[in-house]
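Below: one structure, written as structure tokens.
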Amino acid sequence: MLSGERPAECDYCWNTEDTSDRFSDRVFKSGESWSWPFKEEIFSSDWRDDYNPKYVEVSFSNVCNFKCSYCGPAFSTKWMEEVKEYGGYETSNHIFNDLSTLEYEKKMPISINDNNPYIDAFWKWWPELYEDLHTFRITGGEPLLDKNTWIILDYIIEHPNPNKELKFAINSNLSVSDKLIDKLIEKINKIEDENRVKEFIIFTSVDTWGKQAEYIRYGLNFNKFWDNVNKILDKCPRIIITIMSTYNAMSVPNYNKLISEIYTLKDYYGSSDRYWNSAVFLDTSYLRYPQHQSVRILTDDFSQKVLNQTKLMFYYSTPSFDNREIGYSDIEVQKVKRIYDWMKSPKDDIESKNNRIGFSRFIQEHDRRRGLNFAEFFPEMIDFYESCKKIK
Ligand code: SF4
């Protein structure tokens, strides 16, 4: 970029900027509140200056013990094993999670066992970067299965002059061994007790309740996951957990249960001792890709459920529900509401038909490979699934 070139791996933003008048993520991110104090400094600096970013997210590897239905080999070694053995999934008009696409786009992940020059470069940069950082977030794969995550935690714990303004976050499926969860709790408490960061957030994910969540996120043991959420909130008095939901077609039947149970956590663990009053946040985003699993494939009768879930969020919202400000915030509520709006917005008939065909093909192959039976997990969706199978 310094020599006026566009690195190909930044194409996500280039595509947005070139093909529409919408803002790309790099513009959105720069407009977030954390960047405001640095705006003048950035504007007045020369474009050739070495300017350390204030907000950095890093994924050290694609090592993951899950293979969630909407994820893929770029982010999960379990997915990589599966597609190497069976290939991608034929849907209606393309092959989902096809390795040749990753190769063509030069997005094949570097194996954790191979030398990774990006990680070498990161560690060279890290001591200088750390001092200037406002927000640092480790994503994955599953970061708790990567040694670099633990090195970062120890670095913060052992630093003689820690960056106390740092907002630190780790993504985790919270479904690793008890030993690793206990080790994480120990490190969080050291960091919290010594005020070594400004804020510590665990971002975790689940897309609905119980067995249906296990079906969507293959590898998940829901009860164990929920126990781990409780364990961390119980043993770490300041930590915040944000539950990220990738709301998809299979979230619809029982998302209301997740909304209610997260409110129970908010009520039980909410405290002004924490970095935020509310111990838990629900961050609902909608699945756009793969399209065959998005809520837009569903028939209109499912939209009433989503509307009811929005109403439930309002019911548990703050400040009307109580005065402790631990209920759902307006942002949390609106993120569910926009799913309903998106679901009801006009659709292209041909696209809907293709995506429904894609859904039924994906589910049949998914069940065959993983020894599952969709009908047993989703009795509420059997009619819809059977109708998708019959589309020619
Ligand atoms: S836990 Fe995350 S990285 Fe792993 S398969 Fe699921 S979505 Fe992908």
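Rounded to the nearest angstrom and ordered from largest down, what semi-axes does the equivalent ellipsoid of segment 50-156 get from its C-alpha gyration tensor (root of 5λ)?
Each semi-axis is √(5λ); the values are 31, 14, 13 Å.
Expressed in nm to one decimal, what extension gain is obtained for the pair Ser177 and Tyr104 from 0.36 nm per residue of sequence separation less their Cα-Cα distance?
My answer for the length gained is 22.7 nm.
Under a 10 Å cutoff between Cα atoms, tell me which one of Asn62, Asn248, Asn52 has the largest fluctuation in the Gaussian network model of the chain.
For the chain, modelled as a Gaussian network with Cα springs under 10 Å, the answer is Asn52.
At R0 = 51 Å, how high is the FRET efficiency between Phe28 and Tyr86 if r is their beta carbon distance? Nearest 0.05 is fine. Mind dumping the intermediate values first?
Working: r = 37 Å, r/R0 = 0.73.
Taking R0 as 51 Å, the efficiency between Phe28 and Tyr86 is 0.85.
For the chain, build the charge dipole from Cβ charges (+1 Lys, Arg; -1 Asp, Glu) around the Cα centre, then report which of Asn93, Ile331, Ser387 sits farthest towards its positive end.
Ser387
Express the relative contact order of the chain as a whole percentage, based on alpha carbon pairs under 8 Å and six or more residues apart in sequence.
13
Say each of Arg6 and Glu376 gets a label point 7 Å from the Cα, pointing the same way as Cα to Cβ; how far apart are those two points in nm?
4.9
Estimate the FRET efficiency between Thr264 and Lys198 by the formula 1/(1 + (r/R0)^6), using the beta-carbon distance for r and 35 Å for R0, to the nearest 0.05. Walk me through the intermediate numbers first.
Details: r = 28 Å, r/R0 = 0.80.
According to the calculation, E is roughly 0.80.
Hey, how many Å between the Cα centroid of segment 301-355 and the Cα centroid of segment 96-170?
Taking the Cα centre of each part, segment 301-355 and segment 96-170 sit 34 Å apart.
Regarding the chain, what's the average projected area of the Cα-atom convex hull, expressed in nm²?
Mean shadow area of the hull around the Cα atoms is 20.9 nm².
For segment 41-93 and segment 251-275, write down the distance between their C-alpha centroids in whole Å.
Answer, in whole Å: 28.
How many nm is it between the label spots at Glu41 and Asn189, if each spot is 7 Å from the Cα in line with the beta carbon?
Result for the modelled spin labels: 3.5 nm.
Using modelled backbone amide H atoms (1.01 Å from N, in-plane), which distant-in-sequence or interchain residues come within less than 5 Å of Tyr218's amide H?
Those lying under 5 Å, H to H, from Tyr218 are Lys67, Cys68, Ser69.
Could you name the aspartates and glutamates whose alpha carbon sits less than 13 Å from that of Lys224, not counting residues in the same chain fewer than 8 places away?
Asp178, Glu214
Can you compute 3J(HN,Hα) from phi for each residue in segment 66-77, using the Karplus curve 6.51 cos²θ - 1.76 cosθ + 1.60 with θ = phi - 60°, rounded to whole Hz and x for Gly and Pro?
Once θ is set to phi - 60°, the couplings for segment 66-77 become 10, 9, 5, 4, 9, 8, x, x, 5, 10, 9, 5 Hz.
Read-outs throughout are calculated quantities, based only on the coordinates presented, and are distinct from any laboratory measurement. Since this is a predicted model, take the numbers as computed values, not measurements. Using ideal geometry, Cβ is built from the backbone for each residue, glycine included, and neighbour counts are taken over all protein chains shown.
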